[in-house]
Ligand SMILES: Nc1ncnc2c1ncn2[C@@H]1O[C@H](COP(=O)(O)OP(=O)(O)OP(=O)(O)O)[C@@H](O)[C@H]1O
Ligand SMILES: [Mg+2]
Ligand SMILES: [Zn+2]
C-alpha cells in the first residue's frame, strides 16, 4: 500500500538552534499518528514543516495526491501546496482564534473552504455549514452568530467543522484539546474520535497529553530535543516504553 | 505672465509624471492589478482624491478638456477645487458637459452618457484593496491576488446575505476583471458596475494615501461577483427623475422641505440638465 504521507529526513533549524532533526516516518490511509514530547521538543516545528507552514532546511514530505499520486509537497509550487491546504489537508490550531475568522459568522467560517474551492450557491453552502455545525454538536440556530459569542469548546468544535467541510484526507492538529477544561476536553475527544472513524480520516496529532494519544492515536512518536527517540504502536509505547526518556514521560504522567 | 507658468504643467514635475505614467501603463497591461507608485504630496488633503489628481496630472495634455464629477455633480466644493486646480496649474479648458470632456476625474459615479474611445475616466480611490475588509495583512492579500485565491470575497457576500437576506453591499461592489483579478471599483453605486465592463474609454484608478494605481483598458470584461441563487442586480430607486423624467439614470433622494417632502433626481447633473434642455420634463419640474 502507498503511504498517504511519507516524511523523510525533515530537519529545521532556527539559526544554530535545532527545531527538529532528521525525522522520518510513513503514515498510511486511515491511520492516526500521535506526536508527544515535553515543551520545546520540536512537535509544533515538525507539524508546521509537514503542513507547509514552515520550510524545512532538508527533507521531503511526500503526499499521495488525488491527481498525480505521490508528490513532494516541499518542492511543489506554492499555488499547488495552498490548494492542498484548503482541500485534502486540514489544520486544527490549539487556539481556535488562530484558525477561525472571529469577525465572520459561524456559517461563513464553515463555508469559507467551500467558497474557496468554487462553490457559488448560497443555499447549498449554508445547508452544508448547518449540517456541519450539527455534526460538531453546535445548535444550527447559531449559524449566524460570530465565534466571539461561543465558549472555548464550541470555538474549537467550530474550527474542526470549518476544516472538515471539504472532506480532507489528512488532518494536522496541534494540541487540539489544550487550554480547555477537562470535561470539555473529554467531549471534544469523543467527537474527534467519532469523526476520525466515520470519515476514515488520517491524522497527525501533536499533544503533550498522553490521554489524548491513548484515545485517538494508532501509532506514537516520542520526541526529545528535536529528535524522535521512540516510535511504535500507541499501546506498546505507553505500556512498555523502551527508551529511558519515554519511560520518564509515561511514569511522570502516571504520577499526575 | 500667466499663473500657469509658475508651476510645471499640471503641478507635478516631469520625472514624477513619467513615474506615474509607467505605473499607469503597467496597470493597463495587467487589468485590475494594483500597481504600487510613489504618491507625492499634493496641495490638498488625502480625502480630496490626491490619487486621482496625480493620475489626471500625468495624463493631461495642454489640448485636453477636463471635467470633474463629485457624486455626479460638477458644482460641489471638491469638484470646483480640483477643476480650478488644473485650470491654474495646467491652463486646460474645463467643462461640465460629459461629451465635451477628454479627461474626466470622478468620485463615486460613472457618467450616464456612454463614454467614447477618445475619453479617459480617472477615479479617486480611498481603499484600493477589496480583500482588506476580511484580511488586514497586506502580505496575505498580495499572495491571494497573485494566486487568484478569492474565496474570501464570497465570504463577504455570504455574510451580507446571512445578515440582510440579500447582498446588501451597494457601493464599492467587487468585480472580477477578465476572469482573473478581483478589483474594488471605488465607491461607485453598484448601479454603475455594468458600465465598467466593455467601456470604450480608458479607466484609471488612483489611490493617493494607499499609493496604488490600477486600470481597465477599453473593452475589458468586468463581472460583478455574486451567487447563483443571489445574482448581481444593478439596483436604483424605482422612480423616474423628478426633473427630467429619466427612468434609466441613478437617482439621489432630495429632501424638499420641513414637511418631509422629497423628490428623486438624477445624480448626474449634466445628464439631467441636457435632458431638460432637450425638453424632457419630470413631475416635480417647475
Ligand atoms: N520561531 C522560532 N525561533 C526560534 N526558535 C524557535 C522558534 N520556534 C520554536 N523554536 C525553538 O525550537 C524548539 C522546538 O520548538 P517547538 O515549538 O517545535 O516545540 P513544541 O514541542 O511544539 O513545544 P510546546 O509543547 O511548548 O508547544 C524549541 O527549543 C523552541 O524554543
Ligand atoms: Mg507546540
Ligand atoms: Zn434627471
Item to complete: Quickly run through segment B:162-174 and pick out the residues that are within 12 Å of another protein chain (Cβ to nearest Cβ) and either surrounded by fewer than 19 Cβ atoms within 10 Å (Cβ to Cβ) or outside any helix (DSSP H, G or I) (or both).
Response: B:163, B:164, B:165, B:166, B:167
Practice prompt. Note down all Cβ pairs under 8 Å where the first residue falls in segment B:131-147 and is within 9 Å of chain A (Cβ to nearest Cβ), the second is in a loop (DSSP other than H, G, I, E, B), and they're at least six residues apart or on different chains.
Written response: B:134/A:101; B:134/A:103; B:134/A:104; B:143/B:149
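Check segment B:176-193 and report whether any residue there is within 14 Å of chain A (Cβ to nearest Cβ), part of a loop (DSSP other than H, G, I, E, B) and within 20 Å of residue B:107 (Cα to Cα).
Taking segment B:176-193 as the starting set, the residues that turn out to be within 14 Å of chain A (Cβ to nearest Cβ) are B:176, B:179-180, B:182.
Next cut, part of a loop (DSSP other than H, G, I, E, B) only: B:179-180.
If we keep only those that are within 20 Å of residue B:107 (Cα to Cα) too, we end up with none.
No: zero hits.
Keeping to segment B:207-224, report how many residues are in contact with a helix residue (DSSP H, G or I) (Cβ under 7 Å, 6 or more places away or on another chain) and surrounded by fewer than 18 Cβ atoms within 10 Å (Cβ to Cβ).
Here is the first cut: in segment B:207-224, the residues in contact with a helix residue (DSSP H, G or I) (Cβ under 7 Å, 6 or more places away or on another chain) are B:207-209, B:213-217, B:222, B:224.
Retained after the next criterion (residues that are surrounded by fewer than 18 Cβ atoms within 10 Å (Cβ to Cβ)): B:209, B:217.
Total satisfying the criteria: 2.
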Worksheet, complete the sentence: In segment B:214-226, anything within 14 Å of another protein chain (Cβ to nearest Cβ) and not in a strand (DSSP E or B) is listed as B:225, B:226
Worksheet entry | Yes/no for residue A:36 being crowded, with 18+ Cβ neighbours inside 10 Å and either within 16 Å of ligand 1 (Cβ to nearest atom) or free of Cβ contacts under 8 Å to residues at least 12 places away in the same chain (or both) | yes
Response to the item:
residue B:142 passes all but one of the listed conditions (1) surrounded by fewer than 18 Cβ atoms within 10 Å (Cβ to Cβ); (2) closer than 29 Å to residue B:72 by Cα; the exception is number (2)
Discussion item. List the residue pairs whose Cβ atoms are under 7 Å apart, where the first residue sits in segment B:231-260 and is in contact (Cβ under 8 Å) with a residue 40 or more places away in the chain and over 30 Å from residue A:123 (Cβ atoms), the second is in a strand (DSSP E or B) and more than 11 Å from ligand 3 (Cβ to nearest atom), and the two are 6 or more positions apart or on different chains.
Written reply: B:250/B:189
Discussion item. Given the condition within 14 Å of another protein chain (Cβ to nearest Cβ) and over 17 Å from residue B:109 (Cα atoms), answer yes or no: does some residue in segment B:198-213 qualify?
Written reply: no
Discussion item. Among the residues of segment A:189-206, are any within 16 Å of ligand 2 (Cβ to nearest atom) and over 17 Å from residue A:26 (Cβ atoms)?
Written reply: yes
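Just to be sure, is residue B:22 over 24 Å from residue B:220 (Cβ atoms), modelled with pLDDT of 95 or more, out of contact with any helix residue (DSSP H, G or I) (no Cβ under 8 Å at 6 or more places or on another chain) and part of a helix (DSSP H, G or I)?
Values: over 24 Å from residue B:220 (Cβ atoms): no; modelled with pLDDT of 95 or more: yes; out of contact with any helix residue (DSSP H, G or I) (no Cβ under 8 Å at 6 or more places or on another chain): yes; part of a helix (DSSP H, G or I): yes.
In short, no.
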Worksheet, complete the sentence: Filter segment B:227-261 for residues that are within 24 Å of residue B:79 (Cβ to Cβ) and part of a strand (DSSP E or B); the one that is farthest from the chain's Cα centre (by Cα) is B:255
Discussion item. Tell me whether segment B:228-242 contains one or more residues that are closer than 22 Å to residue B:101 by Cα, crowded, with 19+ Cβ neighbours inside 10 Å and more than 16 Å from ligand 1 (Cβ to nearest atom).
Written reply: no
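Given A:133, A:114, which one is more than 12 Å from chain B (Cβ to nearest Cβ) and at pLDDT 95 or above?
On the way: A:114 fails: more than 12 Å from chain B (Cβ to nearest Cβ).
Result of the check over A:133, A:114: A:133.
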Fill in: Residue tally, condition in contact with a helix residue (DSSP H, G or I) (Cβ under 7 Å, 6 or more places away or on another chain) and either surrounded by fewer than 17 Cβ atoms within 10 Å (Cβ to Cβ) or within 8 Å of chain B (Cβ to nearest Cβ) (or both), over segment A:88-111
7
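The values are calculated or read from the model by the stated rules, or taken from the named source; none is laboratory data. Being a predicted model, the structure only gives us computed values, none of them experimental. Cβ coordinates were reconstructed from backbone atoms using ideal geometry, including for glycine residues, and neighbour counts include every protein chain displayed.
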